[in-house]
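Report on the structure given below.
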Amino acid sequence: MSVPLRGRIIVTMAKSPLSPDLKGAFLMIAGTGVLSLNDGIAKWLTEAYPVGQIMAIRGTFVIAMILVWAVAFRRTSLLRVRDWRNQSYRAVLMMLSTIAFITGLSLLPLATAISITFAGPLITTALAIPLLGEMVGWRRWSAILIGFVGVLIMLRPSGNSAIEYAALLPIAAAMVGAFRDIVTRKM
């Protein structure tokens, strides 16, 4: 199938031999790899740059990629903001979550910070009940409980030492990110 792009340029898209499920799995693996690379670069940059500069660099790079994609595929209409109030809430929550996460990266090992933020989906699920009115059965509650136990294990609390205070930053990032996801779902 051929798709005209930007006047005379024609992009030919071959029919993929992969099933949609397999293609989805590969895209998830690629996405996870890109996110891991992004977090690794952010951790590396925290050794030489302040958090605000790292956020500005990341934000500028992401906006540039989105704009190039939207213009190249003539999808600029997707960039129109329809709900300024919730979009503003979401932007502030995203900024706060990013500040907490990158600051946590500067103080903790990369694997620890990322592992702790895995609590985010658990918090989102728990918040979906009172904030979105969604039903969560006992199986999901069991998974949430097991997930929180896993996060506690990663924090490594012991009788002779307290939880490392820097670990509170990725937890804060996960909590604020959960609220961001709730606002996104409402939109």
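The values are calculated or read from the model by the stated rules, or taken from the named source; none is laboratory data. Just so you know, these numbers come straight off a predicted model, no measurement behind them. Every residue, glycine as well, gets a Cβ built from its backbone with ideal geometry; the counts of neighbours run over all protein chains shown. When the accessible area is computed, the model is the full protein with side chains, heavy atoms only, and any ligands, DNA or RNA have been set aside. Shrake-Rupley method; radii C 1.70, N 1.55, O 1.52, S 1.80 Å.
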(message) For semi-axes √(5λ) of the Cα gyration tensor in Å, one of (1) 60, 16, 14; (2) 23, 18, 16; (3) 34, 22, 19 was computed from the structure I shared and the rest are decoys. Which label?
(response) (3)
(request) Treating the angle as unsigned and between 0 and 90°, give the value, to the nearest 10°, between the Cα long axis of helix 138-155 and the longest Cα principal axis of the chain. (result) 70
(request) Give me the angle, in degrees from 0 to 90, between the Cα long axis of helix 168-186 and the longest principal axis of the Cα atoms of the chain, rounded to the nearest 10. (result) 50
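Stretched out fully, how many nm does the piece from residue 69 to residue 135 gain, at 0.36 nm a residue minus the Cα gap? Intermediate values should be presented prior to the final figure.
On the way: separation 66, 0.36 × 66 = 23.76 nm, distance 3.71 nm.
Gain on extension, residue 69 to residue 135, equals 20.1 nm.
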(message) In Å², and per residue, what accessible area does the chain have when probed at 1.4 Å with the other protein chains present?
(response) 70
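Taking the Cβ-Cβ separation of residue 30 and residue 184 as r and a Förster radius of 25 Å, what is the calculated FRET efficiency to the nearest 0.05? Let's see the in-between values first.
Numbers: r = 22 Å, r/R0 = 0.89.
For residue 30 and residue 184, the calculated efficiency is 0.65.
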